[in-house]
Amino acid sequence: MEQKVAKKSKRAAWSVYVFIERQSQGGRTVKRRKRLSESIPDQYVFTKPAETVLHKFLYLNVTKMYKKGGILYIQVGVGKNKEMHIHEVKDVASVQVREHKRDGRIES
């Protein structure tokens with residue numbers, strides 16, 4: 001019996017980790033009105049100091065990735081099921097890319 005061998009892919013694919021750094025500040029919204037018809041915009045009361053939060057995004061089977069106009073575009077999949085993800089470049093702390101082998105074997 002022969003072992004099944006995966007067909008060699010013609011399309012390059014990657015796994016991509018995107019690390020986004022954002023500032024968040026805890027607080028609450030206060031709204032005051034004197035009359036019912038009067039509209040006053042929200043006023044924010046910040047009770048905590050700003051803190052930096054690191055968000056991690058993992059994208060598998062990435063087929064295309066490019067930067068245009070200060071925005072990072074990541075295309076996952078092809079054809080009918082493809083998805084497009086976008087991130088602002090100024091928020092991106094780092095990007096880690098791993099290329100998949102085209103012969104279909106998984107290394108561990």
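Bear in mind that the values in this text are calculations on the coordinates, not laboratory data. Please read these numbers as outputs of a predicted model, since none were measured by experiment. A quick note on method: Cβ atoms are made from the backbone with ideal geometry, for glycine too, and the neighbour counts reach across all protein chains shown.
The fewest-to-most ranking of ASP91, ASP103 by surrounding Cβ atoms within 10 Å reads ASP103, ASP91. Neighbour counts of other Cβ atoms within 10 Å put VAL62, VAL76 in the fewest-to-most order VAL76, VAL62. Placing a pseudo-label 7 Å from each Cα along the Cα-to-Cβ vector at LYS82 and THR52 gives an inter-label distance of 3.5 nm. Given their separation in residues at 0.36 nm each and the Cα-Cα distance between them, LEU60 and MET1 gain 17.9 nm when the chain is fully extended.
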